[in-house]
Amino acid sequence: QVQLVESGGGLVQAGDSLRLSCAASGRTFSSYARGWFRQAPGKEREFVAAISWSGGNTDYADSVKGRFTISRDTALKMVYLQMNSLKPEDTAVYYCAAKIGTVTRSSVLYPYWGQGTQVTVSS
């Protein structure tokens, strides 16, 4: 059984920072690419960031590039999303995902998902 559990969401003001964490359990995740997606009310789920199994390859949505940083601790099976200079438009439920193989922005290619953590940014 594969499980992903997100944590670290909350209510912050514009300009603040948050760090999301995603813990993995169940299978060996050392060869899995990991991604973060988000879904705002009334909108489709969108790609935020992804990182390769080695950590050597990362990808970011244009809307978060320069503000968000994805990282991983393979030994601990953890992935993090450091979010700085948060904006009200970053408000969404953030989901952690995992897949075998290479980094991709396509959510349909990630078979494993967490339950999500709410991030709310007030203006």
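The values are calculated or read from the model by the stated rules, or taken from the named source; none is laboratory data. Worth saying up front: this structure is predicted, and the values here are computed from it rather than measured. With ideal geometry, Cβ positions are generated from the backbone for all residues, glycine too; neighbour counts draw on all protein chains shown. SASA here: full protein model, heavy atoms, side chains in, ligands and nucleic acids out. Shrake-Rupley method; radii C 1.70, N 1.55, O 1.52, S 1.80 Å.
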Query raised in the report: Which whole-number value in Å² is the accessible area per residue of the stretch 1-78, probe 1.4 Å?
Result: 53 Å²
Query raised in the report: How long are the three semi-axes of the equivalent ellipsoid for the stretch 21-91, computed from the Cα gyration tensor as the root of 5 times each eigenvalue, in whole Å, largest first?
Result: 23, 13, 11
Report task. Mind giving me the nanometre distance, one decimal, between the label points for SER25 and GLN115, set 7 Å out from Cα along Cα→Cβ? Result -> 1.2 nm
Query raised in the report: Quick one: Karplus J couplings for the stretch 78-93, per residue in order, coefficients 6.51, -1.76, 1.60, θ = phi - 60°, nearest Hz, x for Gly and Pro?
Result: 10, 10, 10, 10, 7, 10, 10, 6, 5, 10, x, 6, 7, 4, 4, 8
**Report entry** Candidate lysines for bridging to LYS99, where Cα separation is under 19 Å - those fewer than 8 sequence places away on the same chain excluded
**Finding:** LYS77
Report task. Starting from the residue with the highest accessible area, list ARG105, ARG45 in decreasing order, probe 1.4 Å. Result -> ARG105, ARG45
Query raised in the report: Roughly how many Å² of TYR95 are accessible to a 1.4 Å probe, to the nearest 10?
Result: 40 Å²
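Sort GLU46, GLU89, GLU6 by heavy-atom solvent-accessible area, probe 1.4 angstrom, most to least.
Details: GLU46 80, GLU89 120, GLU6 10 Å².
Solvent-accessible surface, decreasing: GLU89, GLU46, GLU6.
About its Cα centre, what dipole magnitude does the stretch 11-59 give when the only charges are +1 on Lys and Arg Cβ and -1 on Asp and Glu Cβ, stated in debye to the nearest 20?
Dipole magnitude for the stretch 11-59 comes out near 160 debye.
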Report summary line: Distribution output for the chain: share of Cα-Cα pairs per 10 Å bin in percent, first bin at 0, values 15, 51, 29, 5, 0
Report task. Would you mind calculating the gained length between LEU76 and ASP16 on full extension (0.36 nm times residue separation, minus the Cα-Cα distance), in nm to one decimal? Result -> 18.9 nm
Query raised in the report: With θ set to phi - 60° and the Karplus curve 6.51 cos²θ - 1.76 cosθ + 1.60, what are the ³J(HN,Hα) couplings of the stretch 41-58 in order, to the nearest whole Hz, using x for Gly and Pro?
Result: x, x, 10, 6, 5, 10, 5, 10, 7, 8, 9, 6, 4, 8, x, x, 10, 10
**Report entry** Charge dipole of the stretch 31-123 about the Cα centre (unit charges at C-beta), most positive-ward option of THR102, SER123, PHE37
**Finding:** THR102
